[in-house]
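As structure tokens, the structure follows; a few thoughts come after it.
The values are calculated or read from the model by the stated rules, or taken from the named source; none is laboratory data. Note that the structure is predicted; figures quoted are calculated from it, not measured. Methodologically, a virtual Cβ is constructed for each residue, glycine included, from the backbone with ideal geometry; neighbour enumeration extends over all protein chains shown. Only protein heavy atoms, including side chains, enter the accessible area calculation; ligands, DNA and RNA are left aside. Shrake-Rupley method; radii C 1.70, N 1.55, O 1.52, S 1.80 Å.
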Amino acid sequence: MTSAISVIGTGYLGATHAACMAELGHTVIGVDSNVHKINLLRDGLAPFSEPGLADLLRTHVASGRLRFTTDIREAAEQADMHFVCVGTPQAASGAAADLTAVNAVVDGLAASIRRDCLIVGKSTVPVGTAARLRDRVAAQVPSGVSANVAWNPEFLREGHGVEDTLSPTRLVLGVTSAGDERLLRDVYRAVIAAGTPVHVTDLETAELAKTAANAFLAMKVSFINATADLSDRSGADVVALADVLGDDPRIGRAFLNAGVGFGGGCLPKDIRALAATAEALGATDAVRLLAEVDNANIAARERVVDAAVELCDGDVTGQRIGVLGAAFKPRSDDVRDSPALYVAHELHSRGAKVRVYDPEANVNARAVRPELRYVASPDTAARGADLLMLLTDWPEFARLDPAAVAGLVKHRRIIDGRNALDADRWTAAGWQLRAVGRGLRRADAARAAIAEVGSALGRR
Ligand code: UGA
């Protein structure tokens, strides 16, 4: 059975969800208050870079199965199920999530609903939000109309949004009735039939499952980055070490890539929001753990900044630094809380002349960091550079020819902030290469430190 669905909020999550629901055969109406975005979507165009999305939008807008509007009342009139996909950014006033958009959407829906329906939250929210929204909706809908709330968190990764929505690792259905579970199972029938595991939970578990998953991923990255620091101080190789850890199925190799740390619109703000919720609930162990994950992430960025300063003989003033990458990760034009931009900005503020190249994110980066210079190719970033830095692991950077790039720079010095380069090739071409967790600090300093520790421990 196909359903009439609305998807409210057409960011990375909502636009992808709307297009994929149409792909699954449903009639979908997408809603957003941003007129520019809605106009693009109406023309079948993706407002951001997401592989495969533009094709789905084009196909289903053309077929009429997928429509877009700025008027939430249209959604309330036409759909039986409303997916809430609006953003929950970090509040300007602190670490907690800002729920203004979620509240506004639910109020807007509740005020216009005239038919029985299910409101399904997908936005990442603090545990307890869904139950509160349920009461809020019940207090507003006309008598005789049933409008319940369920929570169905989303685990899609930017850059893999379409595949993650059509073939997710799992579905979490946070419901308060068997009827709501049935409705959701119907909507996801094809996905479930393909073998996707389904977890039916209460609302609170569903909400927490999402933030806990992101917190765990963040913790893995911070763990390996703290271990990278340990490797740099001891002469160990963090990539080899991660491979050893990763072969243990209890640990797993994914999310153990050491580098300049995690960023994006989700992991950083989600761990802070979870810490704020934990604080409010008195879960002090979780507060401490999450704070350390955050601190370790910022420290990973700072170590790369320090390494750049060290490689420029202690002062970056007037030094030309070519930065490869601005997006928070490859295959995305998203620069929210991007570690690459953090490092580039930090070096600029210390007097370096920074030139940034990103295959897709230059425009978005310029909007948030206009003080940096953006160039149209890796070669232009490298030309005349005293130091080159790889900060986002786009595959095209790994394919750069070290001998050719050597002809462009002033000094053959490169920091690999993502362990993406073949160190032997670059070194053979005469480059001084420093990589995170594989000699980011000066080799003589690391050797001296380990000798000192070794003899101190040996004396005990
Ligand atoms: C993350 C989660 O992975 C998704 O499951 C979740 O649905 C999404 O947040 C969300 O809440 O919406 P995303 O923000 O797209 O997805 O990015 P990730 O692929 O998780 O990467 C996050 C950051 O960690 C990136 O900056 C990446 O470069 C960094 N990272 C990742 C590492 O530094 N090392 C690794 O080994 C893996």
Is one or more of the residues making up the stretch 141-161 part of a helix (DSSP H, G or I) and away from the ligand (no atom under 16 Å from the Cβ)? no
Starting from residues that are among the basic types (K, R) and part of a loop (DSSP other than H, G, I, E, B), keep the ones in the stretch 307-333 and report whichever is farthest from the ligand (Cβ to nearest atom). R331
Residue hits (the stretch 86-103; crowded, with 17+ Cβ neighbours inside 10 Å and of a type in the set (S, T, Y)) are T88
So which of V363, V375, V354, V335 ends up being open to solvent by 60 Å² or more (accessible area, probe 1.4 Å) and without any contact (Cβ under 8 Å) to a residue 40 or more places away in the chain? V363
Single residue of R303, R336 found to be under 29 Å from G161 (Cα atoms), within 16 Å of the ligand (Cβ to nearest atom) and basic (K, R): R336
Looking only at the stretch 180-220, which residues are closer than 14 Å to P168 by Cβ, out of contact with any Leu (no Cβ under 9 Å at 6 or more places or on another chain) and surrounded by 15 or more Cβ atoms within 10 Å (Cβ to Cβ)? A209, K210, A213
Filter result (farther than 12 Å from A429 by Cβ and among the small types (G, A, S)) within the stretch 405-419: G417
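Each row is one residue, and each column tells you yes or no for (1) farther than 22 Å from A226 by Cβ; (2) modelled with pLDDT of 95 or more; (3) within 18 Å of the chain's Cα centre (by Cα).
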{"residue": "L274", "(1), (2), (3)": "no, yes, yes"}
{"residue": "A280", "(1), (2), (3)": "yes, yes, no"}
{"residue": "T284", "(1), (2), (3)": "no, yes, no"}
{"residue": "A291", "(1), (2), (3)": "no, yes, no"}
{"residue": "V304", "(1), (2), (3)": "no, yes, no"}
{"residue": "D333", "(1), (2), (3)": "yes, no, yes"}
Only one of (1) of a type in the set (A, V, I, L, M, F, W, C); (2) in a helix (DSSP H, G or I); (3) open to solvent by 40 Å² or more (accessible area, probe 1.4 Å) is not met by V287, so which one is it? (3)
Yes/no for D202 being away from the ligand (no atom under 16 Å from the Cβ) and at pLDDT 95 or above: yes
I'd like the full set of residues that are surrounded by 22 or more Cβ atoms within 10 Å (Cβ to Cβ) and in contact (Cβ under 8 Å) with a residue 40 or more places away in the chain, limited to the stretch 30-52. V31, E50
